[in-house]
Amino acid sequence: MQLEGVHHVTAITADAQKNVDFYVGVMGLRLVKKTVNQDEPSVYHLFFADEQGSAGSDITFFEFPGAPEGRAGAGMVHTVGWRVGSPEALDFWAARLGDAGLDTDRAERSLRFADPEGLGHELRATDVDDAPLIADHPEVPAEMALRGFDGVRAYAGAPSASTRLLESLGFARLGESDAEWEARGGSRGGLLGYDEPPAERGLGGAGTVHHVAWASEPSELEAWRERAGEGGARPTPVIDRHYFRSVYFREPSGVLFEIATLGPGFTVDEPLESLGTKLSLPPDYEHLRDQVEPKLTPLTDPRAEQVR
């Protein structure tokens, strides 16, 4: 029993339209689900991923309109790592992000930048055998496109505190350090790294990560919940999110973890061809549509404009 790498990463935005404009219009991802935060259904929950809406490529955002800009600190993910296919792809993204007005930091096999709200990203030219998870975009050739997550990096002053839990969850230590780990299953893997935190305390807000989810086979979720408890965590009961089932817990370094199932997926309530084009509400929330939908700002998907 092994976790199949990163399932999704969820962050916070203060402006849903600008968020869509960047992750679809600039980064070339597909808006695969437009729904609401199931814990606060008055606000959007947006999902961006590859063409199929695959776990492993799915970055999601809660919109809290007007939220102040946050700051990553101890116990928070500060960088989302993505795979690209080559150093030439890094050149492509350095130019594209520069054209979008963003500063980038290029190394031999990586490119670092922050999105318009300050969320850190790193594109990494990798040689892993995992299937590339690519979205179609008229301005982003497939060979240059994002290929899914490589992993996340978080701040932790004493990462060894998390060792017992990570080992219980099947993470493998990379090298001798307690700060570098990998969760790898039969199909995919994902990295977790810890860095020394800044002196300033972290502040949740726009441009910060809310949680990172790791992927589980559906039949194994209850067993992962037990393992998390054995590792010292206090996992929630299993929660049905309609598109997947999951459990949540905070690991000892402070990062909020979720373990989410690989399915049923985003096509459970709309066809693949039209994912993300309408507001989707899980059955338990459908009775709220007349109250919720008028309060949500209509969104324009730049992909629809670009393919015309």
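Any read-out appearing in this document is the output of simple, stated calculations on the displayed coordinates, not a laboratory observation. Bear in mind the structure is a predicted one, so any value in this text is a computation, not a measurement. No Cβ is skipped: glycine too gets one built from the backbone with ideal geometry, and neighbour counts run over all protein chains shown.
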* Structure fact -> Considering residues that are in contact (Cβ under 8 Å) with a residue 24 or more places away in the chain, of a type in the set (A, V, I, L, M, F, W, C) and out of contact with any Asp or Glu (no Cβ under 8 Å at 6 or more places or on another chain), the number found within the stretch 74-96 is 7
* Enumeration of residues in the stretch 242-288 that are assigned to a strand (DSSP E or B) and surrounded by fewer than 16 Cβ atoms within 10 Å (Cβ to Cβ) -> Arg250, Gly263, Pro264
* Having 2 or more residues that are touching a residue at least 24 places away in the same chain (Cβ under 8 Å), of a type in the set (Asp, Glu) and on the phi > 0 side of the Ramachandran plot is the bar; report the strands (runs of 3 or more DSSP E) wholly within the stretch 104-221 that clear it. => none
* Within the stretch 113-146, which residues are touching a strand residue (DSSP E or B) at 6+ places or on another chain (Cβ under 7 Å), small (Gly, Ala, Ser) and either within 21 Å of Gly53 (Cβ to Cβ) or buried (at least 20 other Cβ atoms within 10 Å of the Cβ) (or both)? -> Ala135
* Asked: Scanning for something surrounded by 24 or more Cβ atoms within 10 Å (Cβ to Cβ) and touching an Asp or Glu at 6+ places or on another chain (Cβ under 7 Å), does the stretch 32-41 turn up at least one residue?
  -> no
* Would you check which residues across the stretch 229-241 are surrounded by fewer than 17 Cβ atoms within 10 Å (Cβ to Cβ) and in contact with a helix residue (DSSP H, G or I) (Cβ under 7 Å, 6 or more places away or on another chain) and list them? => Glu230, Gly232, Val238
* **Scope the stretch 290-303; condition outside any loop (DSSP other than H, G, I, E, B), in contact (Cβ under 8 Å) with a residue 12 or more places away in the chain and loosely packed, with under 13 Cβ neighbours inside 10 Å; matching residues** => Lys295
* Structure fact -> Result of the Cβ filter at 8 Å on the stretch 260-289, keeping first residues that are free of Cβ contacts under 8 Å to residues at least 12 places away in the same chain and partners that are among the basic types (Lys, Arg), at least 6 apart or interchain, is Glu270/Lys278
